[in-house]
Amino acid sequence: MKILVTGGTGYIGSHTTVELQQQGYDVIIVDALFNSRVEALDAIASITGKKPEFEQFDLADRQKVDDFFRRHGDIKGVIHFAAHKAVGESVEQPLKYYRNNLDSLMNILESMNKYGVENLVFSSSCTVYGEPDPENLPISEKAPIKKAECPYGNTKQIAEEILQDSIMAYKGLNAIALRYFNPVGAHESAKLGELPFGVPANLMPYVTQTAYGIRPFLRVFGDDYDTPDGTPIRDYIHIMDLAKAHVKAVERMLQGKMKARYEVFNVGTGTGYSVLDIIKSFERSNGVKLKYEIVGRRAGDIVKIWADPTYTNKELGWKAERTLDDMTRSAWEWEKAYREGKTCFKIDENN
Ligand code: UD1
């Protein structure tokens, strides 16, 4: 059973490829390597024993996507990760985000319809909920979609609408949108993990790089929020739990178990943790002290959001199993292994 994983050399895509292969699927990856490294293929193979097939091109190129699907008649499902995801950059370069994230989705849907590939899993985000009203926490799939805070978030909202309209129109297509909360951590082998280019925008890689001495200190963006310790709350989810949710979604489609041709699932643990909780867990589980300073708030940050995963637990038959300490421990093991040259990835001194 062959699955196309777009963005399969990226953080979530590479971990999901490992899980798919270990469940017996063949994976073909398409990635333009805009924000990831080709060594991810060897890293995957070092865990699973099998290097996935790979083609490098930009999915925003309609002709190339058409050509790809024409050549690969054996693909049974698609998991579409490939997208830009930096909130701040999307504010400065909105058209880069709209063009890349939406053109690639439309090209894939068009070719799936043309060549009879029925099943698509789409990488969505809890960002579609915006800042939830307090009575809607924990947040379920039924909560209202609020106006997006940034162009990146808007691409996820528009993408979900494109999916719904396409599924209505093209009777051969099915789609599942997985709304991720905050994926963190690394594969337990420490052979694969999150490897951002440049200064990390997200919390966990900033934490691990600070602990390793790459960054002088972590800036905690605000401690005056309306939360128990004043720092924002998120639903952090272990990357391998998230990877498993994708395999469940693929199985659900291939086994014809969908209740509707378009479905949406929250993928979170159901527990919210603050930024200070993350720091404490990191220090506790790794026996490492982390240098940090409280600085001003970051523009556009949500105060608190965490998932109600009840529907996903019941319907998808998936539940997050790993703890916060598993997340912070695996993230640190990965950072050390990478910096010490124990992985397939070339060490980038500037990164
Ligand atoms: C954001 C997006 C999310 C997107 C994800 C991937 C929103 C609301 N969320 O998640 O949709 O998928 O990025 O890029 O748009 N923090 C610090 N110091 C740091 C970095 C982060 O204190 O150096 C804090 C933030 O203020 C926040 C928490 O850590 O409270 C998590 O931040 P981050 O990892 O960037 O994720 P989100 O902003 O939740």
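Of all residues in the stretch 216-233, those that are under 15 Å from ALA201 (Cα atoms) have Cβ atoms under 9 Å from Cβ atoms of residues that are assigned to a loop (DSSP other than H, G, I, E, B) and within 7 Å of the ligand (Cβ to nearest atom), 6 or more apart or on another chain, in ARG219/ARG298; VAL220/THR231; PHE221/THR231; PHE221/PRO232; PHE221/ARG298; PHE221/ASP301.
To keep it simple, each residue is scored yes or no on (1) of a type outside the set (D, E, K, R); (2) touching a Ser or Thr at 6+ places or on another chain (Cβ under 8 Å); (3) more than 24 Å from GLY193 (Cβ to Cβ).
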| position | (1), (2), (3) |
| --- | --- |
| ILE29 | yes, yes, no |
| ARG37 | no, yes, no |
| GLY49 | yes, no, no |
| GLU53 | no, no, no |
| ASP66 | no, yes, yes |
| PHE69 | yes, yes, yes |
| GLN93 | yes, no, yes |
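Scanning the stretch 275-323 for residues that are modelled with pLDDT of 95 or more, part of a loop (DSSP other than H, G, I, E, B) and hydrophobic (A, V, I, L, M, F, W, C) yields VAL288, LEU290, VAL303, ILE305, TRP306, TRP318, ALA320.
Condition check ((1) of a type outside the set (D, E, K, R); (2) more than 14 Å from ILE108 (Cα to Cα); (3) without any contact (Cβ under 8 Å) to a residue 40 or more places away in the chain) across all residues:
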residue: GLU19; (1), (2), (3): no, yes, no
residue: ILE29; (1), (2), (3): yes, no, yes
residue: LYS51; (1), (2), (3): no, yes, yes
residue: GLY77; (1), (2), (3): yes, no, no
residue: HIS80; (1), (2), (3): yes, no, no
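Given the structure, is LYS259 touching a residue at least 12 places away in the same chain (Cβ under 8 Å), more than 12 Å from the ligand (Cβ to nearest atom), out of contact with any strand residue (DSSP E or B) (no Cβ under 7 Å at 6 or more places or on another chain) and outside any helix (DSSP H, G or I)? It is true that LYS259 is touching a residue at least 12 places away in the same chain (Cβ under 8 Å), more than 12 Å from the ligand (Cβ to nearest atom), out of contact with any strand residue (DSSP E or B) (no Cβ under 7 Å at 6 or more places or on another chain) and outside any helix (DSSP H, G or I).
Checking each residue in the stretch 230-256 for being out of contact with any strand residue (DSSP E or B) (no Cβ under 6 Å at 6 or more places or on another chain) and near the ligand (Cβ under 10 Å from one of its atoms) picks out only PRO232.
The residues of the stretch 216-262 that are within 30 Å of SER166 (Cβ to Cβ) and exposed (fewer than 15 other Cβ atoms within 10 Å of the Cβ), listed by number, are GLN255, GLY256, LYS257, LYS259, ALA260. Can you find a residue that is of a type in the set (Phe, Trp, Tyr), farther than 30 Å from ARG298 by Cα and touching a residue at least 40 places away in the same chain (Cβ under 8 Å) anywhere in the stretch 85-104? Looking through the stretch 85-104, none of the residues is of a type in the set (Phe, Trp, Tyr), farther than 30 Å from ARG298 by Cα and touching a residue at least 40 places away in the same chain (Cβ under 8 Å).
Quick grid of which residues meet (1) at pLDDT below 95; (2) within 13 Å of the ligand (Cβ to nearest atom); (3) out of contact with any strand residue (DSSP E or B) (no Cβ under 6 Å at 6 or more places or on another chain):
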{"residue": "GLU135", "(1), (2), (3)": "no, no, yes"}
{"residue": "LYS142", "(1), (2), (3)": "no, no, yes"}
{"residue": "LYS147", "(1), (2), (3)": "yes, yes, yes"}
{"residue": "ALA169", "(1), (2), (3)": "no, no, yes"}
{"residue": "ALA177", "(1), (2), (3)": "no, no, no"}
{"residue": "ASN182", "(1), (2), (3)": "no, yes, no"}
{"residue": "HIS187", "(1), (2), (3)": "no, no, yes"}
{"residue": "LEU192", "(1), (2), (3)": "no, no, yes"}
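Hey, among the residues in the stretch 48-74 that are over 20 Å from the mean Cα position of the chain (by Cα) and buried (at least 20 other Cβ atoms within 10 Å of the Cβ), which one's nearest to the ligand (Cβ to nearest atom)? Across the stretch 48-74, the extreme among qualifying residues is VAL65.
No other residue among ALA175, ALA245 is closer than 23 Å to ILE47 by Cβ and not β-branched (Val, Ile, Thr) apart from ALA245. In this structure, is ALA331 without any contact (Cβ under 8 Å) to a residue 40 or more places away in the chain and within 18 Å of ASN202 (Cβ to Cβ)? In short, no. Filtering the stretch 159-200 to residues that are closer than 22 Å to ARG99 by Cα, surrounded by fewer than 22 Cβ atoms within 10 Å (Cβ to Cβ) and more than 17 Å from the chain's Cα centre (by Cα) leaves GLU161, ILE162, GLN164, ASP165, SER166, ILE167. Within the stretch 112-132, the set of residues being within 13 Å of the ligand (Cβ to nearest atom) and either among the hydroxyl-bearing types (Ser, Thr, Tyr) or assigned to a strand (DSSP E or B) (or both) comprises SER123, SER124, SER125, THR127, TYR129.
Scanning the stretch 194-229 for residues that are more than 18 Å from VAL184 (Cβ to Cβ) and in contact with a Ser or Thr (Cβ under 8 Å, 6 or more places away or on another chain), we see that the one that is nearest to the ligand (Cβ to nearest atom) is GLY222. Of the residues in the stretch 84-103, at least one is within 23 Å of ALA186 (Cβ to Cβ), modelled with pLDDT of 95 or more and within 16 Å of the ligand (Cβ to nearest atom).
The values are calculated or read from the model by the stated rules, or taken from the named source; none is laboratory data. Nothing here was measured: the structure is a model prediction, and the numbers come from that model. Cβ coordinates were reconstructed from backbone atoms using ideal geometry, including for glycine residues, and neighbour counts include every protein chain displayed.
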